[in-house]
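To keep things clear, I will list the structure first and then write my remarks on it.
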Amino acid sequence: MPTNLIKGNAVIGQSGGPTAVINQSLVGVIEGLAGSSCIDKILGAHHAVSGIIKNDFIELQDVPQERLDRIAQTPSAALGSSRDKPDAEYCKKICDVFAKQNIRYFFYIGGNDSSDTCRIVNELAKKNNYDLRSFHVPKTIDNDLVHNDHTPGFGSAAKFVAQAFIGDNLDNRSLPGIKINIIMGRHAGFLTAAAMLARQHDDDGPHLIYVPEAAFDLDKFKADVAEVYSRLGRCLIAVSEGIHDKDGTAIASKLAGDVQKDAHGNVQLSGTGALGDHLSNALKEHLGKNTRVRADTFGYLQRCFAGCVSQVDAHEARLAGRKAAELALSGELDGSIAIQRVSNKPYKVEYKRIELSDVAAKTQTLDPKYIVHGNNIDPSFRDYLAPIVGDLPIVDSLRGQ
């Protein structure tokens, strides 16, 4: 046993948007800490940092393994989540609670904003000479954490998007028209790009894909759709909720009469169908009011859909949690877990510790090499996606018979 370990309690929090596999990481941390002589209690923070400052904890050290396994397979955040962004005063309250509860190990499961929260708490503890071990466990369906090949939660959400487009493509083929699907992704287009996995035949949709990494021009969009519609008699389109103009202004934020922001300053994009309606109306005006145009906003359905869990995603989420616990019990003082791909054939990843400051509040975006003409995704992206997402339904039709 490392000589620099300190005896005390551990706390685990789940922050930000829930996912289909975030509970795998929770259970991974619990399993990794179980049996350690340094850990007295394993506490779950009810609703993350919000629960910490309220002393609202759930004891986890005695939860039976059978129940832990069921929880791990259950989508959403079992402890409850929070969007709070702690400032200096908020963090002081967190550290005060940690001191009263003798919490010496802090595990925070979340995305880039959550990693920043972990960093802030860690730095304040150091400033106050409070011996705290702080570890960030990656989670986000946006897949936008730097130094990570991909993040837990993304594979399952991408599987949902791909399967939804497989079905929508069949629907669109049966009753031809124009269909727009709005997909989560504020600054990173990974999830929207995942729609390309639905293509099993040459004329399958999505026929057009628009991601935030490429500036969006409405006139070009109308021309793109008109070309596909003229050629195929139908058009299925994937659009990221975060598409923006050449000046970097999100199209959706221009449409909202009262733009709302969360505690992290992010404009809320997922609670409205305004973007889909706007694009639908623009196409009807361009192609004729009688043109069949429909739009759906996938919204929160992408995050915790129980029927589309990627087994690779679930496995990696569990191991990421265990790795954080392993580092803490090996004497590391802090850090974030990064999943890095070692090889593609065979598919293999490693779990590495990186500095909290290297990931906190930073955003990874889709490599421009995958973006084609600002309206499509290169087929090579499939090689990156396929191992993470796993098997998809194989479909066929009687066209051409």
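The values are calculated or read from the model by the stated rules, or taken from the named source; none is laboratory data. Predicted model only: the values in this text are computed from it and were never measured. With ideal geometry, Cβ positions are generated from the backbone for all residues, glycine too; neighbour counts draw on all protein chains shown.
Counting only residues that are in the same structural domain as Tyr351 (by TED's automatic domain parsing) and farther than 24 Å from Ala386 by Cα, give me the helices (runs of 4 or more DSSP H) lying completely in segment 84-184 with at least 3 of them. Give the derivation first.
Numbers: elements: 88-101, 112-127, 154-174.
Once the helices (runs of 4 or more DSSP H) in segment 84-184 are filtered for at least 3 residues that are in the same structural domain as Tyr351 (by TED's automatic domain parsing) and farther than 24 Å from Ala386 by Cα, what remains is 88-101, 112-127.
The rows are residues; the columns are (1) assigned by TED's automatic domain parsing to the domain that holds Asp217; (2) among the small types (Gly, Ala, Ser); (3) free of Cβ contacts under 8 Å to residues at least 40 places away in the same chain.
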{"site": "Leu287", "(1), (2), (3)": "yes, no, no"}
{"site": "Arg303", "(1), (2), (3)": "yes, no, no"}
{"site": "Ala325", "(1), (2), (3)": "no, yes, no"}
{"site": "Gly331", "(1), (2), (3)": "no, yes, no"}
{"site": "Gln340", "(1), (2), (3)": "no, no, no"}
{"site": "Ile377", "(1), (2), (3)": "yes, no, no"}
{"site": "Phe381", "(1), (2), (3)": "yes, no, no"}
{"site": "Val395", "(1), (2), (3)": "no, no, no"}
Problem set entry | Near pairs, Cβ below 7 angstrom, 6+ apart or cross-chain, from segment 108-131 (closer than 17 Å to Ile52 by Cα) to any residue that is of a type in the set (Ser, Thr, Tyr) and surrounded by fewer than 21 Cβ atoms within 10 Å (Cβ to Cβ) | Arg119/Ser357
For this session: Select from segment 199-223 the residues that are part of a helix (DSSP H, G or I) and without any contact (Cβ under 8 Å) to a residue 40 or more places away in the chain and write down the one among them that is nearest to Val146 (Cα to Cα).
Result: Asp219
For this session: Out of the residues in segment 100-142 that are among the β-branched types (Val, Ile, Thr) and farther than 20 Å from Gln24 by Cα, state the one that is surrounded by the most Cβ atoms within 10 Å (Cβ to Cβ).
Result: Thr117
Exercise. Given the residues Ser310, Ser336, which is the only one that is buried (at least 21 other Cβ atoms within 10 Å of the Cβ), under 14 Å from Pro387 (Cβ atoms) and touching a Ser or Thr at 6+ places or on another chain (Cβ under 8 Å)?
Worked result: Ser310
Problem set entry | Residue selected from segment 28-82 under the condition in a loop (DSSP other than H, G, I, E, B) and of a type in the set (A, V, I, L, M), by the criterion surrounded by the most Cβ atoms within 10 Å (Cβ to Cβ) | Leu79
